[in-house]
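**Student:** Could you have a look at this structure, given as structure tokens, before my questions?
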Amino acid sequence: MSSVTYDNVTKRFDEVIAVNKLNLAVKDKEFLVLVGPSGCGKSTALRCLAGLETISEGNIKIGGDVVNDVAPKDRDIAMVFQSYALYPHMTVYDNMAFGLKLRKHTKEEIERRVQDAAEILGIQDLLDRKPRQLSGGQRQRVALGRAIVREPKVFLLDEPLSNLDAKLRVQTRSEITKLHKRLGTTFIYVTHDQVEAMTMADRIAVLNFGVLQQVDTPQKLYDTPDNLFVAGFIGSPAMNFFNAQIRQEGNDILVDADSFTVTVPEDRKAPLQNYIGKSIIFGLRPEDIHDPHYAPPGITPQEIEAEVDVTELMGNEIFLYLKSGKHNFIARVDPRTKARMEDTIKVAFNMDNMQVFDKETEKVIR
């Protein structure tokens, strides 16, 4: 078993709390991504698991065993860092074999493991090269290979793709996903890139200021965020937020944002009864704002008027940067739209996917 458990784990650096009472259970063979902005504590949480940082409070378990006082080399984990950290004077083969030689494995075992890892990663023809003769993507594969030969219980990956260009990042993340399926081992992956998190993870744990905000599958985080931070962090472009007030007119409940007012669908009214007359934050993703001429069927649309500030043609879609009164927001619309800069247009909000947040607690209102 290679499950991992953070049990009320806290890590302090003097007065700074980097990880605050983290409770997180990673299942055996799961691909879990820790995501959040810089300084949120995700890399520190990973380093605590690796034994590179001592924890201030709580317990860390690997396979059910507490490893707080176990030396890093005895935790049966392998870590891949942002920097490749390859020995420049050694060949690829020797870089991958070095850790095994230190652990006194036989030559035959070392040869088997290195060749197996090289085949998995497609670097058999690079084994005699030095790191300076490799591209960035090839060096990253060698760093992964050095971890694979360890045959550990848990792989820890700390922003391993951040030094690669955009095209190579897309390619390499798919390779890491396939690698996880092939090895059948627990992966814990740290990134600040929510696109990486959404495309790779079985589950995502979102951190902010050292506190776990929410952990769930990528789709559930996207569809049902627990709070304002998760809603704004997951999704690209980010969710639009509008300061507004809940009003009632007859049997209708309205979201009044001054420059526009929209009606809440019947099935979304009940949780807002206690917020009538109160200020809230209304959230809607760019992909839920449509050109009315090309709105998808089956939605509950509410049209508002807005001025087009900027248009960004993406080929398969157009981003419209819009303004309505004091509100600036983004729509992700069909490329057939006729909207152009400085036009005043109608856009349709898909109210089925609206989100409403308590202004004080920033928690979602459901």
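The values are calculated or read from the model by the stated rules, or taken from the named source; none is laboratory data. Since this is a predicted model, take the numbers as computed values, not measurements. Note that we place each Cβ from the backbone using ideal geometry, even for glycine, and neighbour counts take in every protein chain shown.
**Student:** Report whether or not Leu322 is farther than 22 Å from Asp223 by Cβ, free of Cβ contacts under 8 Å to residues at least 12 places away in the same chain, surrounded by 15 or more Cβ atoms within 10 Å (Cβ to Cβ) and not basic (Lys, Arg).
**Tutor:** No: the conditions fail for Leu322.
**Student:** Go through (1) assigned to a helix (DSSP H, G or I); (2) closer than 23 Å to Gly99 by Cα; (3) of a type in the set (D, E, K, R) for Arg169 and report which single condition fails.
**Tutor:** (2)
**Student:** Would you point out the residue of the stretch 339-366, among those that are assigned to a loop (DSSP other than H, G, I, E, B) and among the basic types (Lys, Arg), that is farthest from Ile253 (Cα to Cα)?
**Tutor:** Per the criteria, the residue is Arg340.
**Student:** Just a yes or no: is a residue in the stretch 50-61 under 30 Å from Arg182 (Cβ atoms), of a type in the set (D, E, K, R), modelled with pLDDT of 95 or more and not in a loop (DSSP other than H, G, I, E, B)?
**Tutor:** Looking through the stretch 50-61, at least one residue is under 30 Å from Arg182 (Cβ atoms), of a type in the set (D, E, K, R), modelled with pLDDT of 95 or more and not in a loop (DSSP other than H, G, I, E, B).
**Student:** Can you confirm whether the stretch 205-215 contains a residue that is in contact with a Phe, Trp or Tyr (Cβ under 6 Å, 6 or more places away or on another chain), of a type in the set (Gly, Ala, Ser) and crowded, with 16+ Cβ neighbours inside 10 Å?
**Tutor:** Within the stretch 205-215, not a single residue is in contact with a Phe, Trp or Tyr (Cβ under 6 Å, 6 or more places away or on another chain), of a type in the set (Gly, Ala, Ser) and crowded, with 16+ Cβ neighbours inside 10 Å.
So that you can scan it fast, the table gives a plain yes or no per residue for (1) more than 25 Å from Pro218 (Cβ to Cβ); (2) among the aromatic types (Phe, Trp, Tyr); (3) outside the structural domain of Leu157 (by TED's automatic domain parsing):
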site	(1), (2), (3)
Phe13	yes, yes, no
Ala25	no, no, no
Leu34	no, no, no
Leu52	yes, no, no
Asp76	yes, no, no
Val80	no, no, no
Ala85	yes, no, no
Tyr93	yes, yes, no
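**Student:** Regarding the stretch 121-143, can at least one residue be identified that is within 30 Å of Gln194 (Cβ to Cβ), exposed (fewer than 14 other Cβ atoms within 10 Å of the Cβ) and among the basic types (Lys, Arg)?
**Tutor:** No.
**Student:** Of (1) hydrophobic (A, V, I, L, M, F, W, C); (2) without any contact (Cβ under 8 Å) to a residue 12 or more places away in the chain; (3) over 26 Å from Asp352 (Cα atoms), Met200 satisfies all except one. Which?
**Tutor:** For Met200, the failing item is (2).
**Student:** Please go through the stretch 119-136 and give me each residue that is in contact (Cβ under 8 Å) with a residue 24 or more places away in the chain and touching a Lys or Arg at 6+ places or on another chain (Cβ under 9 Å), ordered by number.
**Tutor:** Ile120, Leu121, Ile123, Leu126, Pro131, Leu134
**Student:** OK, next. Kindly state which strands (runs of 3 or more DSSP E) lie completely within the stretch 291-338 and contain at least 2 residues that are under 25 Å from the mean Cα position of the chain (by Cα).
**Tutor:** Of the strands (runs of 3 or more DSSP E) lying wholly inside the stretch 291-338, those with at least 2 residues that are under 25 Å from the mean Cα position of the chain (by Cα) span 318-324, 327-333.
**Student:** I'd like the full set of residues that are surrounded by 13 or more Cβ atoms within 10 Å (Cβ to Cβ) and either in a loop (DSSP other than H, G, I, E, B) or more than 23 Å from the chain's Cα centre (by Cα) (or both), limited to the stretch 67-82.
**Tutor:** Once the filter is applied, which keeps residues that are surrounded by 13 or more Cβ atoms within 10 Å (Cβ to Cβ) and either in a loop (DSSP other than H, G, I, E, B) or more than 23 Å from the chain's Cα centre (by Cα) (or both), the stretch 67-82 yields Val67, Asn68, Val70, Pro72, Arg75, Asp76, Phe81, Gln82.
**Student:** Considering only the stretch 310-319, state which residues are loosely packed, with under 15 Cβ neighbours inside 10 Å and closer than 21 Å to Ser259 by Cβ.
**Tutor:** Val310
**Student:** Answer yes or no as to whether Leu161 is assigned by TED's automatic domain parsing to the domain that holds Leu46, assigned to a loop (DSSP other than H, G, I, E, B) and of a type in the set (A, V, I, L, M).
**Tutor:** Judged against the criteria, Leu161 is a match.
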